[in-house]
1. Which chymotrypsin sites (Phe, Trp or Tyr not before Pro) in segment 167-265 pass both tests, a DSSP loop state and at most 13 other beta-carbon atoms within 10 Å?
2. Residues with amide H under 5 Å of residue 189's amide H, sequence separation 5 or more or different chain, H placed in the peptide plane at 1.01 Å from N; which?
3. Mind listing the long-range amide H neighbours of residue 52? Cut-off is under 5 Å, sequence gap 5 or more, other chains count too, H placed in the peptide plane at 1.01 Å from N.
4. So what does the Cα-only Debye profile of segment 162-203 read at q = 0.24 Å⁻¹, as log10 I(q)/I(0), no solvent term?
5. Of 167, 179, 210, which is farthest on the positive side of the dipole of segment 151-225, counting Cα position, with +1 on Lys and Arg Cβ, -1 on Asp and Glu Cβ, and the Cα centre as origin?
6. Taking 41 Å as R0, compute the FRET efficiency from the Cβ-Cβ separation of residue 196 and residue 277 and round it to 0.05.
7. Rg and Dmax of segment 164-233, Cα atoms, in Å?
8. What is the local net charge at residue 101, summed over the other residues whose Cβ is closer than 12 Å to its Cβ (Lys, Arg +1; Asp, Glu -1)?
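Each value in this text was obtained by applying a stated rule to the coordinates, not by laboratory testing. Quick caveat: nothing in here was measured; it's all calculated off a predicted structure. Neighbour counts are summed over all protein chains in view; Cβ atoms, including those assigned to glycine, are modelled from backbone coordinates with ideal geometry.
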Amino acid sequence: MSKENGDLYFPHDFNSANDEKTVAFLSSSGAEGYGVFWLIVEQMHKNDGVYEKKDYNYRATAHRSLTTVERIKAILNDLINCELFYEDSDGYYSERVIKNLEHSKKISIQNAENARKRKVKTSDRSATASDRSATADIQDKIRQDKIKEEKKNNKKEIPPLPSENELREIFFSELKKKCEKLNLNYPEDIDKLKADEKCLVYIEYCKKYYGTKKQYKDYNGAARTFLNEVSKLRNYKKPESEQLSFANLDDVISKICQNTQNCKPGNIYNYIKHKDQVGMFENWTFEQIYRHGCKVALFSENQWQKEKKPVKVNIEGKKEIDKFLEGV
């Protein structure tokens, strides 16, 4: 017997009713006998190919086919006479049923063997994958150890950090080379104060990064990087003929008004005087106040309104301002 979707079944030839033996059986037992025949065949498949000569078998078959035990026995004798069944002392048998059972058993054995082979194959494949993974892990560890060993062997000793004097010499040496490339006169065209400040920043970063991943490998190259914008270190001091001189703060305000277009003298006077009173210009030179005032004089009306201290001329100081403006 075969099994499909959990139900047992056996092959039933659709042309079996036209077999000579079956035709002979039908002629004597009719459709009733044909139905009993298939009931007994089903019982044989369930019972290893035998329909035992037991009273309970006869009664059960008679009950299922709605007939009598005597009729069942008569049908069985008719099946023997037509050579559809054969018998012995224990029961009745069918060659076709026995062939079906043998074929089903053969298929069952083959399926079991195939399942075993699949299991072995899957196990082997899993074992192979596991071995391959283990081998890859070992190779990766060997490779990592080799890389670490190479890094350890190739690791260079960190050179000592140059002293501040040495770093200063490196910085100004590179500054001199930069000036030569830009056709600048060194040190005349360089603001010494700005250059010293830049050098101190360079030295500070050399110390900060020493012994870290950002450590400078080439201190001369690092100095050149700090000197990328040499123009910011230039000395833009004007010739004496172009320099302005101021007698006092009123003189500064007067020259701001004279040298600035669209200047509002009242606003400038009040602004400069107020900032001087609050101490803004305490450490400023007259020239610095002049340059600052020239910028302020160009303020738009909106910018004047944003000043915290109102810059409009107050009434009390109007006479003083008018007197001052007479000389502007």
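1. Working: sites: 171, 172, 202, 205, 209, 210, 216, 219, 226, 236, 246; in loops: 210, 216, 236, 246.
Within segment 167-265, the qualifying chymotrypsin sites (Phe, Trp or Tyr not before Pro) (loop, at most 13 other Cβ atoms within 10 Å) are 236.
2. Amide H to amide H, under 5 Å and 5 or more residues apart or across chains, residue 189 pairs with nothing.
3. Excluding prolines and chain starts, which carry no amide H, the hits are 92.
4. -0.81
5. Result: 210.
6. Working: r = 35 Å, r/R0 = 0.85.
Result of the calculation: an efficiency of 0.70.
7. Computed over the Cα atoms of segment 164-233, radius of gyration and Dmax are 12.1, 38 Å.
8. Values: positive: 46, 96, 99, 105, 106; negative: 48, 95, 102.
Overall, the nearby charge balance is +2.
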